1. Hey, among GLU174, GLU191, which residue is of a type outside the set (Ser, Thr, Tyr), without any contact (Cβ under 8 Å) to a residue 60 or more places away in the chain and more than 19 Å from MET135 (Cα to Cα)?
2. Do we have ALA250 as closer than 27 Å to THR193 by Cβ and open to solvent by less than 10 Å² (accessible area, probe 1.4 Å) here?
3. Quickly run through segment 41-68 and pick out the residues that are open to solvent by 90 Å² or more (accessible area, probe 1.4 Å) and either within 22 Å of SER83 (Cα to Cα) or part of a helix (DSSP H, G or I) (or both).
4. Might you check whether a residue that is without any contact (Cβ under 8 Å) to a residue 12 or more places away in the chain and either open to solvent by 50 Å² or more (accessible area, probe 1.4 Å) or out of contact with any helix residue (DSSP H, G or I) (no Cβ under 6 Å at 6 or more places or on another chain) (or both) occurs anywhere in segment 115-138?
5. Across segment 71-104, which residue is least open to solvent (accessible area, probe 1.4 Å) among those that are touching an Asp or Glu at 6+ places or on another chain (Cβ under 9 Å) and free of Cβ contacts under 8 Å to residues at least 24 places away in the same chain?
6. Looking at SER197 and the list (1) at pLDDT 95 or above; (2) in contact with a Cys (Cβ under 9 Å, 6 or more places away or on another chain); (3) under 26 Å from PRO133 (Cα atoms), which single condition is not satisfied?
7. Among the residues in segment 197-210, are any over 15 Å from PRO251 (Cα atoms) and either free of Cβ contacts under 8 Å to residues at least 24 places away in the same chain or surrounded by fewer than 14 Cβ atoms within 10 Å (Cβ to Cβ) (or both)?
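The values are calculated or read from the model by the stated rules, or taken from the named source; none is laboratory data. This is a predicted model, so every value here is computed, not measured. Methodologically, a virtual Cβ is constructed for each residue, glycine included, from the backbone with ideal geometry; neighbour enumeration extends over all protein chains shown. What goes into the accessible areas is simple: the full protein's heavy atoms, side chains included, and nothing from ligands, DNA or RNA. Shrake-Rupley method; radii C 1.70, N 1.55, O 1.52, S 1.80 Å.
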Amino acid sequence: MKKFCRFFLPLLLVVTLLLSSPAFAEGETAAERGLKKIQTAQNWNCIVLPLEESYLEEWKTLYGRQAWYAPSLFVESMPQMNSGIPPQPSLFEGTEVTVVAEENDMSCILYRSPDYKLYTGWIKSIRLLEEFPGMQYTVGTEPEGGHSHAPDVENRRSAGYLPGTEQPYTVLGETVKGCVGFTLEYQLIAENTANKSRVFGPRSIWVSDGENWVSAGVFEYPQNGAVRVQVWLPEAMDLAAVATVAHCDAPWLFEFRQLAEDFYCADAPAA
């Protein structure tokens, strides 16, 4: 893949840039804004860029739909299916995407992989949905006091395992002060067993302030698919990490993705 990107895709990139580079004027055009967004992805120079007229004035927020017999969808390197060009990292069901351009019934998207890295690529527009496709749960009780939405923070995978388990967890790039709730997205993405019942079962949620771990509730996971859980914490806390523990027969026989987002923080008391 690296050799391919080094020698062939730059040729495609030069041609596409000639077609898509707008004449710079006062204020940014849709193409200029879209190209800047694409260039935030780590693999942007390994795809064929949209034509200038393909960029959207208003970007779309959509979700990957469920794939047939697989947890993920292929993401192409150019706006054409089965092009023969090596694909980009897969898009997993329920993953939020930003659509910046549309061309040949395909969408140029930005999305995050299970290791939280930002990628870009092309996918059939029909494979994207306006609503999250998976099950949605709520654990805990929404607090009565005032609380406000806080900015999302970077997620990254832990270097080690949650104590007492063989599962990695999610570390937040910045501690969310006074957190009272957040959204957890979870999905199995690979199982090393033909007996799926060994990896399905309840998942408990654990949260940490950077030193101590406390339980934050349980959600059901009876089958494959992406789920979203609205988590309300027992009390306000400084949130630094989030973990899930699988209560099943073989918790070491699968890989999973998870994401913590949409944080709520307790409002400061009135002076």
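1. Numbers: GLU191 fails: without any contact (Cβ under 8 Å) to a residue 60 or more places away in the chain.
Only one candidate passes the filter, namely GLU174.
2. Working: closer than 27 Å to THR193 by Cβ: yes; open to solvent by less than 10 Å² (accessible area, probe 1.4 Å): yes.
Yes: the conditions hold for ALA250.
3. Step one: list which residues in segment 41-68 are open to solvent by 90 Å² or more (accessible area, probe 1.4 Å), which gives 42, 53, 57-59, 66, 68.
Answer for segment 41-68, where residues must be open to solvent by 90 Å² or more (accessible area, probe 1.4 Å) and either within 22 Å of SER83 (Cα to Cα) or part of a helix (DSSP H, G or I) (or both): GLN42, GLU53, TRP68.
4. Applying the first criterion (without any contact (Cβ under 8 Å) to a residue 12 or more places away in the chain) to segment 115-138 yields none.
For segment 115-138, residues without any contact (Cβ under 8 Å) to a residue 12 or more places away in the chain and either open to solvent by 50 Å² or more (accessible area, probe 1.4 Å) or out of contact with any helix residue (DSSP H, G or I) (no Cβ under 6 Å at 6 or more places or on another chain) (or both): absent.
5. Applying the filter and picking the extreme gives SER83.
6. The number of the failed condition is (1).
7. Taking segment 197-210 and keeping what is over 15 Å from PRO251 (Cα atoms), we get 206-210.
Remaining after also requiring either free of Cβ contacts under 8 Å to residues at least 24 places away in the same chain or surrounded by fewer than 14 Cβ atoms within 10 Å (Cβ to Cβ) (or both): 210.
The answer is yes, given that some residue of segment 197-210 is over 15 Å from PRO251 (Cα atoms) and either free of Cβ contacts under 8 Å to residues at least 24 places away in the same chain or surrounded by fewer than 14 Cβ atoms within 10 Å (Cβ to Cβ) (or both).
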